[in-house]
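Working notes, structure below.
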There are 2 protein chains.
Amino acid sequence: MGMRPLRSLVSFEEAMRVCLEHARPVTRTESVPLQEAGGRVLSEDVAAASDVPGFDRAGMDGYAVVAADTFAAGQFRPAELGVIETLHAGDLPSRSVEPGTCVEVATGVKMPPGADGVVRVEDTEREGARVRVRRPIHPGQNVSRRAEDVRAGSTVLRAGEVLTPSRVGVLAALGRVEAPVYGRARVRIVSSGTEVVPPGEPLPDGKVYDINSYTLLSIVRECGASAALAGIVKDDRPSLRRALEAALDQDVVVFSAGSSVGERDVLVDVVQEMGQVFFHGIAVKPGKPTLFGKVGGALLFGMPGYPTSCLSNAYMMLVPVLRQLMRLPARPGERAEASLSTRIVSDTGRHQFYTVRLDDGLAHPAFKESGAITSMSEADGYIEIPANVDLLEKGERVLVRRF
Amino acid sequence: MGMRPLRSLVSFEEAMRVCLEHARPVTRTESVPLQEAGGRVLSEDVAAASDVPGFDRAGMDGYAVVAADTFAAGQFRPAELGVIETLHAGDLPSRSVEPGTCVEVATGVKMPPGADGVVRVEDTEREGARVRVRRPIHPGQNVSRRAEDVRAGSTVLRAGEVLTPSRVGVLAALGRVEAPVYGRARVRIVSSGTEVVPPGEPLPDGKVYDINSYTLLSIVRECGASAALAGIVKDDRPSLRRALEAALDQDVVVFSAGSSVGERDVLVDVVQEMGQVFFHGIAVKPGKPTLFGKVGGALLFGMPGYPTSCLSNAYMMLVPVLRQLMRLPARPGERAEASLSTRIVSDTGRHQFYTVRLDDGLAHPAFKESGAITSMSEADGYIEIPANVDLLEKGERVLVRRF
């Protein structure tokens, strides 16, 4: 047994710097069905082929009118208009609105020609084919303009963006059924050591079950990478060489070596022969005897054999490397503290879900309007404003929950 | 068009209380391969069939000795022992250690009979078949005792625990290849409205693509629930009835209704006929016109049709309901602030990965020893202690990253 001591340890910070320097984002791309696209990373900019919405539409349930007809209307002097058509959701207008007439509209329907505003149903009183309007509107009121959300030809999503649910929604809004995305990182997991037996088999005296293959597989899949187990190989030079050669088409190969120093050295020798060793031994606890290198295009981790050391290394080093390979943000799903870039008034008396974009510690409102899917897809997360809070001052600290 | 106004709004807090009161955790169970078990929730307590480790084993690379032979050893007066065997990883001892002799051992091998401690290789000097020991050890030193990690018959994992990577590792350590888990929540997503067209089809004038089916599908899958699209149904009573009847084997049915008040009312009527409406209209912004009810065993959400309203409601209400149905903690993957329950000394000069259990705002150390997979599986998350920090005081605030 060649019991060589570990070479001088690198610091954890230095080890991470080296790991991330060599973790070049995957450039393979593929096309996936929209239903499977959540959480993947866009590989191309996406431009809109057409306007969204593709037509001026009613923003409220009510009556499409010539706004000028309502200018003089009031609670005690209603404007009276003739209802010439009723449009349910999805109906197309067949008649034009002339002064003195109106069309009953459901939210979202195409505005009839001639009408330039919608009176909310709450501000009207219907009697047969006549409707009394008790409040004036201005031209354009309660109308969502064509292209208000997305203009044809504009870039709505950019390569490198993670397909959060709202960005999947943007693709759907454009009529797409597939998404161009970067490939998942491919990871091969190899356990080595003659003392290790796969779960499910009888356990001979002096042996232990293979734990590391399964903890590594779980954590790699949790990151969204694709992972496969190569099983258990012997800790000798030819076996390790063969295992490594079979894994060179992968992005990352993770060995969890036997627990003794001697066995780890065999792997170091093999990696040195076939590629490069970047470091071997880190000043972390647990997890000191960790190897990082590269063979062909594959990054290589040699993890300590002790299960918790192996797993804590995976959390601290493998996960950030995989996330960088897949162009995923370092820290998903968590709350980030930020300062509001502007004052927010929330005097609706309702609990508010407020989307924000994060930039350099500042939270910028990313709100457009309720119907605009892009307002959410441009946001990094959201804050919640309780019903009894009316005002958040500029500079106030808020907790942003990332999408 | 029956343009009935929404009934009185419930507060967001009240709406959530009602939602969570009706979200009874799924009781279906299934058995999944260990490779697929990550993130699932155990449905049974798991007891160990045998001890882990199953034998006393060497905790270090070095020499298994009779400790008493080393009591008088020192730098300038080494104890000299005869090496009678060498055990590589996985080897079984064939000879007994008698006073004056020793066996060379790799970390993890079964201790030879007669030996009661291991001298680290760093504290020895080898010459042929003799080894000089320059440091005394006490009996039991550098030996991992049989059953130190898990004792046969003890319960190591409990029903309701999420299978984090370390808990998957515990199952592997017991030799299991399958895990008994609760079923995923089953969600059916229905878009309604004659104005809505599936992506991929040509878009007629006055229509819009179905966005909500895809945003909802993404967010439901992101939670780990299983989701299927029922497609687009008409907003009339018979169509909604049929869609609801076809979904009664689900845990949750999510309708994203047409955007007009009239259309939403049809769904309310159908749910009232077939089951119960718990609320219809919440004081949130956006997302006010939201319906929650129950038909048969299926919970039912009627989401507003506006895409961002639908999605923000899904984040605020559907996700917590799904997580409760699946017995998942409310807020995964995020940092929790906590106070240390005890002082932690970390004077190794190494960056430390330190597992903790969270309990009522306190972070308790969950550290056993490097080889014990249970030390991690009992933890809720970890803190990192930089190399240059030697001491964390009891009561100090730390950021715990949840597993």
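The values are calculated or read from the model by the stated rules, or taken from the named source; none is laboratory data. Worth saying up front: this structure is predicted, and the values here are computed from it rather than measured. Here Cβ is always computed from backbone atoms with ideal geometry, including for glycine, and neighbour counts include all displayed protein chains.
Remarks
- Residues (within 7 Å of another protein chain (Cβ to nearest Cβ) and at pLDDT 95 or above) located in region B:176-199: B:Arg176, B:Val177, B:Pro199
- Residue satisfying all of: in region B:11-41; buried (at least 19 other Cβ atoms within 10 Å of the Cβ) and in contact with a Gly (Cβ under 7 Å, 6 or more places away or on another chain); nearest to the other protein chains (Cβ to nearest Cβ) among these: B:Gly39
- Of all residue pairs spaced 6 or more apart or on separate chains, those with beta-carbon atoms under 6 Å, a first member in region A:14-25 that is closer than 10 Å to A:Phe279 by Cα and a second member that is assigned to a helix (DSSP H, G or I) are A:Cys19/A:Met317; A:Cys19/A:Val321.
- If you go through region A:176-193 and pick out every residue that is of a type in the set (Val, Ile, Thr) and surrounded by fewer than 20 Cβ atoms within 10 Å (Cβ to Cβ), you end up with 1.
- Residue within region B:68-87 that is within 11 Å of chain A (Cβ to nearest Cβ) and surrounded by 19 or more Cβ atoms within 10 Å (Cβ to Cβ) present: yes
- Filtered residue count, region B:272-293, keeping only those that are in a loop (DSSP other than H, G, I, E, B) and in contact (Cβ under 8 Å) with a residue 40 or more places away in the chain: 5
- Of the residues making up region A:200-235, those that are facing chain B (nearest Cβ under 9 Å), surrounded by fewer than 21 Cβ atoms within 10 Å (Cβ to Cβ), among the aliphatic types (A, V, I, L, M) and out of contact with any helix residue (DSSP H, G or I) (no Cβ under 7 Å at 6 or more places or on another chain) number 1.
- Boolean, B:Thr348 is modelled with pLDDT of 75 or more and within 11 Å of another protein chain (Cβ to nearest Cβ): no
- Top-ranked residue of region A:42-67 - restricted to ones that are among the hydrophobic types (A, V, I, L, M, F, W, C), touching a Gly at 6+ places or on another chain (Cβ under 8 Å) and surrounded by 22 or more Cβ atoms within 10 Å (Cβ to Cβ), ranked as farthest from A:Val143 (Cα to Cα): A:Leu42
- Selection from region A:381-403 of residues that are more than 9 Å from A:Ala363 (Cα to Cα) and touching a Gly at 6+ places or on another chain (Cβ under 7 Å): A:Ala387, A:Arg401, A:Arg402, A:Phe403
- Any hit, region B:26-41, residues being farther than 29 Å from B:Arg167 by Cα and charged (D, E, K, R): no
- Restricting A:Arg176, A:Arg221 to those that are of a type in the set (D, E, K, R) and either part of a loop (DSSP other than H, G, I, E, B) or in contact (Cβ under 8 Å) with a residue 12 or more places away in the chain (or both) reduces the list to A:Arg176.
- Test: residue in region B:13-22 that is over 30 Å from A:Val109 (Cβ atoms), in a strand (DSSP E or B), of a type in the set (Lys, Arg) and over 20 Å from the mean Cα position of the chain (by Cα): no
- Options B:Pro304, B:Pro320: the member that is at pLDDT 80 or above, at the interface with chain A (Cβ under 9 Å from one of its Cβ atoms) and touching a Cys at 6+ places or on another chain (Cβ under 9 Å): B:Pro304
- Of the criteria (1) surrounded by 22 or more Cβ atoms within 10 Å (Cβ to Cβ); (2) more than 30 Å from B:Tyr214 (Cα to Cα), which one A:Ala173 fails: (2)
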